[in-house]
Amino acid sequence: MPLLSTVGNQTTSLRSICLILVSMFCFAVVDALGKSVALQYPANEVTFFRMLFGLVPAIAVCLRGRPLTDRLRSMDVRGQLVRSLTLLGASACFFAALPYAPLSEAVAIVYSETLLVIVLAPMLLQERLMRRDALAALVGFVGVLFVVRPDGSHSSWLGPVLLIVSAIFGALSIIQIKRIRPTDDSGTTVLFFTFVGTVVMGASLPFAWRTPSIEALGLMAWLGAFATAGQLLMTMAFRQADAAALAPYNYTSIVWAVLFGYVFWGETVSAVSLAGIAMIVGSSIAVALRGRQAEGPSV
């Protein structure tokens with residue numbers, strides 16, 4: 001019946017929105033916990049424990065469905081390795097930048113990775129660059145300048161530079177996902193990334209290490225738990241609704257970042273930074289919605 005069908009679609013849509021909202025809250029908690037420990041411990045150490053504590057949940061997720069041996073046998077090792085290293089670079093640079101930038105501004109700058117994909121995709125994927133997408137990307141990049149503020153208001157340029165590098169690595173990891181063989185499911189991708197991240201960051205510990213306290217270990221364990229929960233909730237949301245339709249809700253994590261930054265570190269956001277954040281978010285949402293319209297209605 002049409003009425004029941006409509007109600008069912010509305011329920012699914014509401015469920016997806018709730019899932020993505022909770023997912024973004026989890027990621028905001030990850031960012032806040034990351035900043036808390038990054039103020040005391042090296043970024044490679046924070047990244048290592050984030051990966052280590054996320055390894056067991058990643059294995060549990062990967063064990064569901066197809067046997068693990070079948071997954072590994074058909075895995076695109078080279079593609080997964082490139083994707084893992086680029087995403088690992090994004091995570092490490094983000095944690096390294098957190099002591100040098102307000103949390104809300106850090107999250108906003110990293111979100112510009114969506115706009116960088118627009119610029120890099122024509123070169124790396126031979127995709128066509130649409131004029132409207134290019135204009136949206138330009139607006140977003142101006143917004144990044146507003147947040148970074150090249151007038152010297154930042155006490156250190158290290159934070160903004162690391163965040164921009166993080167966004168570049170993040171964009172490359174998004175592009176690499178499109179290159180991975182479709183036989184590699186999300187469980188395999190998460191497990192491989194977590195394993196590679198644990199090994200690579202573990203190898204870096206002799207170069208930068210500070211023995212963590214029990215409290216710090218607890219915070220980093222929660223960091224890994226919230227990161228895994230956020231990934232699972234986001235995957236569930238995207239399975240039930242179009243990614244472009246959920247795009248506007250992805251940026252609620254910036255709202256949480258503003259709140260957490262103010263409550264825990266007394267950080268405030270200037271009017272110029274707010275304008276820049278609005279430009280980044282607005283242009284990213286415009287690109288997502290335009291991409292949805294270009295695909296046309298689903299049959």
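The values are calculated or read from the model by the stated rules, or taken from the named source; none is laboratory data. Being a predicted model, the structure only gives us computed values, none of them experimental. Glycine also receives a Cβ, built like all others from the backbone with ideal geometry; neighbour counts cover every protein chain displayed.
Please go through segment 205-231 and pick out each residue that is surrounded by 17 or more Cβ atoms within 10 Å (Cβ to Cβ) and in a helix (DSSP H, G or I).
Here is the first cut: in segment 205-231, the residues surrounded by 17 or more Cβ atoms within 10 Å (Cβ to Cβ) are 212, 216, 219-220, 223-231.
Result: A216, L219, M220, L223, G224, A225, F226, A227, T228, A229, G230, Q231.
Just to check your reading of the model, which residue among F195, F141, F146 is aromatic (F, W, Y), surrounded by 15 or more Cβ atoms within 10 Å (Cβ to Cβ) and more than 18 Å from G282 (Cα to Cα)?
Working: F141 fails: more than 18 Å from G282 (Cα to Cα); F146 fails: more than 18 Å from G282 (Cα to Cα).
After ruling out the rest, the residue left standing is F195.
Exactly one of (1) buried (at least 21 other Cβ atoms within 10 Å of the Cβ); (2) over 20 Å from the mean Cα position of the chain (by Cα) is unmet by P160. Its number?
So P160 meets the others, but not (2).
Limited to segment 236-288, what total is found for residues that are within 25 Å of V142 (Cβ to Cβ) and of a type outside the set (A, V, I, L, M)?
16
Select, from A96, A60, A106, A90, the only residue that is in a helix (DSSP H, G or I) and over 26 Å from I175 (Cα atoms).
On the way: A96 fails: over 26 Å from I175 (Cα atoms); A106 fails: over 26 Å from I175 (Cα atoms); A90 fails: over 26 Å from I175 (Cα atoms).
Only one candidate passes the filter, namely A60.
Would you point out which residue out of R71, R78 is in contact with a helix residue (DSSP H, G or I) (Cβ under 6 Å, 6 or more places away or on another chain), basic (K, R) and either surrounded by fewer than 24 Cβ atoms within 10 Å (Cβ to Cβ) or closer than 19 Å to G202 by Cα (or both)?
Working: R78 fails: in contact with a helix residue (DSSP H, G or I) (Cβ under 6 Å, 6 or more places away or on another chain).
The conditions single out R71.
Could you go through segment 167-186 and let me know if any residue there is polar (S, T, N, Q), within 14 Å of the chain's Cα centre (by Cα) and assigned to a helix (DSSP H, G or I).
First, pick out the residues of segment 167-186 that are polar (S, T, N, Q): 173, 176, 183, 186.
Retained after the next criterion (residues that are within 14 Å of the chain's Cα centre (by Cα)): 173.
Imposing the further condition that a residue be assigned to a helix (DSSP H, G or I) reduces the set to 173.
So far as segment 167-186 goes, yes, one or more of its residues are polar (S, T, N, Q), within 14 Å of the chain's Cα centre (by Cα) and assigned to a helix (DSSP H, G or I).
Which condition breaks for L223 when tested against (1) farther than 30 Å from S270 by Cα; (2) touching a Phe, Trp or Tyr at 6+ places or on another chain (Cβ under 8 Å); (3) of a type outside the set (V, I, T); (4) at pLDDT 90 or above?
(1)
Within segment 256-286, track down each residue that is without any contact (Cβ under 8 Å) to a residue 24 or more places away in the chain and hydrophobic (A, V, I, L, M, F, W, C).
Hits for segment 256-286 are L259, V263, A271, L274.
Sort out which residues of segment 234-285 are under 17 Å from the mean Cα position of the chain (by Cα) and in a loop (DSSP other than H, G, I, E, B), and write them in order of number.
The answer is Y251, and nothing else.
Which of the residues that make up segment 142-157 are among the charged types (D, E, K, R) and at pLDDT 80 or above? Walk me through it before giving the result.
Step one: list which residues in segment 142-157 are among the charged types (D, E, K, R), which gives 149, 151.
If the condition is that a residue be among the charged types (D, E, K, R) and at pLDDT 80 or above, then no residue fits.
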